Amino acid sequence: DATVPLVARKGRASYLGERSAGHLDPGAASAAILLRAAARTLG
């Protein structure tokens with residue numbers, strides 16, 4: 001959720017410039033899902 005107000009500077013979303021602000025970063029979202037699943041499995 002913390003990536004929503006940020007403007008993308010790297011990757012494919014960087015081509016959107018200021019228009020990338022207001023959208024959840026897909027990489028951050030998928031990393032959160034993976035970490036949550038790992039924590040459930042290992043914890």
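The values are calculated or read from the model by the stated rules, or taken from the named source; none is laboratory data. What you see is a predicted model, and the numbers here were worked out from it, not measured in a lab. What goes into the accessible areas is simple: the full protein's heavy atoms, side chains included, and nothing from ligands, DNA or RNA. Shrake-Rupley method; radii C 1.70, N 1.55, O 1.52, S 1.80 Å.
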> Which percent of Cα-Cα pairs in the chain sits in each 10 Å bin, short to long?
Replying inline: 29, 41, 20, 10
> Tell me, what % of the accessible area of the chain is carbon and sulfur with a 1.4 angstrom probe?
Replying inline: 62
>> Can you give me the angle between helix 26-42 and the longest principal axis of the chain, using Cα atoms only, in degrees from 0 to 90, rounded to the nearest 10?
In response: 10
>> Can you list residues from other chains, or at least 5 along the same chain, whose modelled amide H is less than 5 Å from the amide H of ALA21?
In response: ALA8
> Relative contact order for the chain using alpha-carbon pairs under 8 Å, separation at least 6, rounded to a whole percent?
Replying inline: 34
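Given a 1.4 angstrom probe, what's the average accessible area per residue across the chain, in square angstrom?
88
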